Structure formats: structure tokens, C-alpha cells
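S.K.: Input: one structure, supplied below.
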Amino acid sequence: MSDVVQIAFEDGLAILTINRPDKLNALNREVLETLHKRLDEATEKKVHAAIITGAGKAFVAGADIAEMKDLSPADAQAFAELGHSVGEKLETTAYPVIAAINGFALGGGCELSLACDFAFASTKARLGQPEVKLGVIPGFGGTQRLLRRVGVAMARELVYTGRMIHADEALRIGLVNAVVEPDALMDHARSVAAEIAQMGPLAIKSCKELFIAGADRNLREANQLEAEAFGRCFLTKDQKEGMSAFVEKRAPNFTGE
């Protein structure tokens with residue numbers, strides 16, 4: 001398989017690295033298709049969490065404009081749909097995915113981070129949706145996930161202006177969860193991923209599903225989904241182990257069953 005997306009496994013964690021540093025990790029069809037397959041590999045390994053980052057000085061500087069510029073309308077739509085399929089894959093994995101934004105996260109790169117569960121950024125990170133500067137719109141979910149992350153008015157400002165913002169501004173508006181020094185970025189992401197890995201994997205999976213399923217429902221319907229999912233937890237061995245461990249004052253040994 002192509003090495004444009006590298007994968008490494010560490011103690012129940014998958015680390016995926018977009019690896020086109022000479023192109024600032026721009027997303028072309030090969031990268032998107034390979035990322036999709038790498039996520040399947042991580043699922044097969046039953047990892048507890050994954051981290052996505054970029055090789056070199058960029059996270060992902062955007063979609064590959066050289067590949068896009070002569071596309072027909074039908075081919076452009078198909079390319080956008082491929083990007084959306086990767087975003088949906090990230091959102092529906094059984095495990096949380098953390099974006100570790102080491103540098104530029106523009107256009108498709110910002111959209112890739114938005115499809116992750118949450119993101120951490122280096123102080124050197126720069127984020128934005130500059131597509132309107134090219135006469136097009138965000139095509140991998142930027143008009144939709146961005147407003148759900150930072151609110152409608154802020155999303156409109158960022159998309160309409162195409163402005164690139166610094167990491168501290170991204171933190172202020174909720175686009176990233178934390179900003180750390182470049183040398184500490186991956187350690188910080190690993191630390192949070194390791195914390196998640198200690199939790200009940202079926203419970204984490206259920207929480208992730210509920211965040212998505214409840215987002216566009218009214219509160220009564222969403223709360224009903226939560227109540228039903230809470231009840232299903234009591235069918236699992238993990239629930240019995242987790243609560244027994246609490247009563248017995250010991251660390252639980254979750255098996256994902």
C-alpha cells in the first residue's frame with residue numbers, strides 16, 4: 001500500500017501520518033483513499049484511539065490544487081464526495097480520533113481536523129478555510145462541520161473571508177482544544193489518547209455514536225437515545241467489570257465485551 005499515509009501502532013494507539021511533506025501534505029485522491037484504508041487497519045487492530053498528524057511543517061495545507069484545477073464539474077463533485085467519505089469514516093470509527101495539528105491546516109486540512117473528535121495544535125499551527133480565494137467553496141465539510149464546532153456567525157466569517165488564523169485564535173473560538181509547544185504536541189496527544197484507552201471501549205463507542213446521532217435532534221429525542229444506550233450498557237461485561245472494580249476499589253480490566 002502507498003506510504004502517503006503512514007501508520008504505526010503503540011499500546012492500543014494508532015498514529016497516522018499524512019506523508020507528502022514536499023507538497024505540504026496536500027490531499028489528493030491517493031491520500032484520501034489510503035487514509036480510508038489506514039483507518040480500516042486501525043479498526044481491525046481494535047485500537048482504543050488514533051492520532052492524525054502531518055509529516056514536516058504542515059498538518060495538511062489543503063486539497064491538491066494541481067490535481068483539482070482542470071476537473072469537470074462531475075469529477076469535482078466525485079472528489080468532494082471522496083473527501084466526505086473520509087470525514088464520515090473518521091466520525092464513525094469505534095474509537096476517538098485526535099488531530100495533532102503541527103503546522104498549516106488549511107482548506108481540506110482544516111476540514112480533516114473537524115472530522116476528528118477533537119484537535120490539539122502546535123503554537124506554529126495556522127488554520128483556515130481559504131477556498132473562496134480560489135473561486136470555490138469548502139468541499140470536504142467545511143461549511144457544515146465548522147459551524148457546528150465554532151458557531152454559525154464565526155464559521156461564516158472564516159469561510160467568507162478565507163482568513164488564516166493562528167493557533168491561539170483557534171483555541172479561543174473552540175476550533176482546537178489546546179495549544180502546546182511544537183516539541184510537546186505529540187506527547188500531549190499521546191497522553192490524552194492513553195487516558196481514553198483506560199476507559200471502557202464500548203462506552204466510548206456509544207458516547208461517540210450519541211454525539212453524532214443526537215446533534216440534530218430535539219433535546220427530548222436525543223435524551224431518549226441516551227437513555228436507551230445507557231440501558232444497553234448493562235448487557236455488557238464491561239459494565240459489570242467497571243462497577244465491580246469501583247466497589248472493590250481496584251482498576252478495571254475492560255475487554256470490550
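S.K.: Within the stretch 169-185, can one find any residue that is open to solvent by 80 Å² or more (accessible area, probe 1.4 Å), outside any helix (DSSP H, G or I) and of a type in the set (A, V, I, L, M, F, W, C)?
M.R.: Among the residues of the stretch 169-185, not one is open to solvent by 80 Å² or more (accessible area, probe 1.4 Å), outside any helix (DSSP H, G or I) and of a type in the set (A, V, I, L, M, F, W, C), which makes the answer no.
S.K.: Going through the stretch 105-130 one residue at a time, which ones are open to solvent by 20 Å² or more (accessible area, probe 1.4 Å) and within 12 Å of Met164 (Cα to Cα)? Can you show your working first?
M.R.: Looking only at the stretch 105-130, we keep the residues that are open to solvent by 20 Å² or more (accessible area, probe 1.4 Å), and these are 106, 117-118, 123-124, 126, 130.
Answer for the stretch 105-130, where residues must be open to solvent by 20 Å² or more (accessible area, probe 1.4 Å) and within 12 Å of Met164 (Cα to Cα): Leu106, Arg126, Pro130.
S.K.: Further, regarding this structure: Would you confirm whether any residue within the stretch 36-43 is touching a Lys or Arg at 6+ places or on another chain (Cβ under 8 Å), of a type in the set (Lys, Arg) and either modelled with pLDDT of 95 or more or in a loop (DSSP other than H, G, I, E, B) (or both)?
M.R.: No, that holds for no residue.
S.K.: Follow-up. Test of understanding: among Gly109, Gly83, Gly87, Gly139, which residue is in a loop (DSSP other than H, G, I, E, B) and of a type outside the set (S, T, N, Q)?
M.R.: Within the list Gly109, Gly83, Gly87, Gly139, the selection yields Gly139.
S.K.: With Ala66, Ala58, Ala42, Ala78 as the choices, which residue is open to solvent by 70 Å² or more (accessible area, probe 1.4 Å) and among the small types (Gly, Ala, Ser)?
M.R.: One residue alone meets the criteria, Ala66.
S.K.: Further question: Determine whether Gly162 is open to solvent by 10 Å² or more (accessible area, probe 1.4 Å), more than 21 Å from Ile51 (Cα to Cα) and more than 14 Å from the chain's Cα centre (by Cα).
M.R.: No.
S.K.: For Ala213, only one of the following conditions fails: (1) part of a helix (DSSP H, G or I); (2) within 30 Å of Arg126 (Cα to Cα); (3) modelled with pLDDT under 95. What is its number?
M.R.: It is condition (2) that Ala213 fails.
S.K.: Something else now. Got at least one residue in the stretch 30-48 being touching a strand residue (DSSP E or B) at 6+ places or on another chain (Cβ under 6 Å), within 27 Å of Cys207 (Cβ to Cβ) and small (Gly, Ala, Ser)?
M.R.: The answer is yes; a qualifying residue exists.
S.K.: Right, next: Being modelled with pLDDT of 95 or more and of a type outside the set (A, V, I, L, M, F, W, C) is the filter; apply it to the stretch 1-19 and report the residue that is most open to solvent (accessible area, probe 1.4 Å).
M.R.: By that ranking, first place goes to Gln6.
S.K.: Can you name every residue in the stretch 204-235 that is open to solvent by 50 Å² or more (accessible area, probe 1.4 Å) and among the β-branched types (Val, Ile, Thr)?
M.R.: Ile212
The values are calculated or read from the model by the stated rules, or taken from the named source; none is laboratory data. Please read all numbers here as calculations on a predicted model, not as lab measurements. Because the Cβ atoms are built from the backbone with ideal geometry, glycine has one as well, and the counts that use them run over all protein chains shown. We work out accessible area using only protein heavy atoms, side chains counted, and drop any ligands, DNA or RNA first. Shrake-Rupley method; radii C 1.70, N 1.55, O 1.52, S 1.80 Å.
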